[in-house]
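One structure below.
The values are calculated or read from the model by the stated rules, or taken from the named source; none is laboratory data. No experiment lies behind these values; they were computed from the predicted model shown. As a convention, Cβ positions derive from the backbone with ideal geometry for all residues, glycine included, and neighbour counts pool all protein chains shown. Each accessible area value is taken on the protein alone, full model and side chains, heavy atoms only, with ligands, DNA and RNA left out. Shrake-Rupley method; radii C 1.70, N 1.55, O 1.52, S 1.80 Å.
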Amino acid sequence: SNTSWSFGYIRKANIMLERIDQVDMPDEAKNHWKGIAHFFRALQYYRLVQTFGGVPWFSHSMDIGDSAEVYKPRDSHDLVMDSVLADLNFAVDNIRQTDLTNTVDKDVALALKARICLYEGTYRKYHTELNMPDADKFLQQAKDAAAAIMAESYSLNPNYLAAYNSDNLGTDGSEVLLYKRYEPGTLMH
């Protein structure tokens, strides 16, 4: 009954992954868009695992009439999060370094990887009663992803107040990777 139990974005990502090779475009572009699909599938699974723990992992689209697949039991937390890490690694390796302004690019994928791996590594480290291995693997992945972002010449703004009270976060670019752009009279709150 929880409204967070939604696999719509996962289904969309899986359909995209299954069909993108049929599109007439260069392989570099196909790999970029596959990376985007892996990025969003990883993000949605991360949200589901945070809320529910183990959830069913779907690596392909399903027919709604396939009740055995639609109602399959949850997969283990380990399996799902290892699959999320694989999705993030694919995204980081294939998404373009720069694409359009304020869109998902390689640095945004690295930031998501750092966030998810930090969460998962600390979860495994401090929930010893669950006997989940590989906390150090996830923490090292988080550290490496964050280091890769910082190596791209990003820096933290020394004035926290100025950074988070700005009317236009995208102007200086030193700290902000992806932001919600507010338009006066259209999107303000």
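Pick out, from Gln22, Trp33, Leu43, the residue whose Cα sits farthest towards the positive end of the charge dipole of region 1-43, with +1 on the Cβ of Lys and Arg and -1 on the Cβ of Asp and Glu. The listed residue farthest towards the positive side: Leu43. Approximating the spin labels as points 7 Å out from Cα along Cα→Cβ, the Glu183-to-Asn89 distance works out to 4.1 nm. Taking the longest Cα principal axis of the chain as reference, the axis of helix 27-52 is set at about 70 degrees. Using only side-chain charges placed at the Cβ, +1 for Lys and Arg and -1 for Asp and Glu, the dipole size of the chain relative to its Cα centre rounds to 400 debye.
Take Trp33: with every protein chain present and a 1.4 Å probe, its accessible area is about 100 Å². Of Lys106/Lys143; Lys113/Lys137; Lys34/Lys113; Lys30/Lys143; Lys113/Lys180; Lys34/Lys106, which ones are farther than 24 Å apart at the Cα? Pairs exceeding the cut-off: Lys30/Lys143.
Taking the C-alpha atoms only, the angle from helix 8-19 to the longest principal axis of the chain is near 80 degrees.
When the alpha carbon gyration tensor of the chain is reduced to an equivalent ellipsoid, the three semi-axes, largest first, read 29, 23, 18 Å.
With kT/(6 pi eta Rh) evaluated at 20 °C and eta = 1.002 mPa s, and Rh the Kirkwood radius from Cα pairs, region 1-49 diffuses with a coefficient of 185 µm²/s according to Stokes-Einstein. Sorting Tyr164, Tyr45, Tyr71 by solvent-accessible area of protein heavy atoms yields Tyr71, Tyr164, Tyr45, largest first, with a 1.4 Å probe. In this label model, Ala148 and Tyr9 are separated by 2.0 nm, measuring between points 7 Å along each Cα→Cβ vector.
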